[in-house]
Amino acid sequence: MNYLAHLHLGGQEPEQLLGSLYGDFVKGRLEGRYSPALLDAIQLHRRIDAYTDSHPLVLTALGRFPAERRRYAGIIVDVFFDHCLARHWGDYSDVSLAHYTRGVYRVLAAEPELPGRLARMAPYMIADDWLGSYRDFEVLEQVFNGISRRLSKPEGLLGAMAEVRALYEPLMQDFRQFYPILQAFARA
């Protein structure tokens, strides 16, 4: 799961929202570094990642990609699943996506001590409505290009959009089957 799904699954209190994002930006031991609520949200993020990475429906989605793409398929599926969530947000939330993302952005903007790369990224995320923009399929190409710049082998994501376009319907079905299961896991 990518940013939007983690935020949606991790709880809606400010520290829960922050921890849902911090999970991608902080490494190593967490004890003593964060408040209990923030720590719980980061740990939930990590559990969601582990559960997602080993779930048979996600493994099926990953297996849809050609063998030479498999190393990067997890990244592609995470981003695509955020697209699915944004596109079908009303099926999973009682508030509009625009209202929800504005709330997340307010929390981010109010936090003076965001960790490392998140601190540098947050102003762009807010200004360009990254979370809401996931609903537009063509935005995924920009997301993949941004991610590829951080990879040691950026060519690993070249051509990903063509594959995702070809796999759109089966991947969407994978998401629609998996996300309610993941919601139940996160609540538990």
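Descriptive notes on the structure:
- Residue check for Asp78: in contact with a Leu (Cβ under 9 Å, 6 or more places away or on another chain), closer than 17 Å to Asp53 by Cβ and acidic (Asp, Glu): no
- Here Leu18 fits the description: on the phi < 0 side of the Ramachandran plot, surrounded by 14 or more Cβ atoms within 10 Å (Cβ to Cβ), in contact (Cβ under 8 Å) with a residue 24 or more places away in the chain and of a type outside the set (S, T, N, Q).
- When we screen Asp78, Asp91 for residues that are over 15 Å from the mean Cα position of the chain (by Cα), acidic (Asp, Glu) and under 18 Å from Gln183 (Cα atoms), the only hit is Asp91.
- Residue list for segment 104-133, filter: among the small types (Gly, Ala, Ser) and surrounded by 14 or more Cβ atoms within 10 Å (Cβ to Cβ): Ala119, Ala122, Gly132, Ser133
- Within segment 23-80, the residues that satisfy the criterion of being among the small types (Gly, Ala, Ser), surrounded by fewer than 18 Cβ atoms within 10 Å (Cβ to Cβ) and part of a helix (DSSP H, G or I) are Ala37, Ala50, Ser54, Gly63, Ala67, Gly74.
Taken together, the values in this text are just the output of simple stated rules run on the coordinates, not laboratory data. Remember, predicted model here, so these are calculated numbers, not experimental data. FYI the Cβ positions are ideal-geometry reconstructions off the backbone, even for glycines, and counts take in every protein chain you see.
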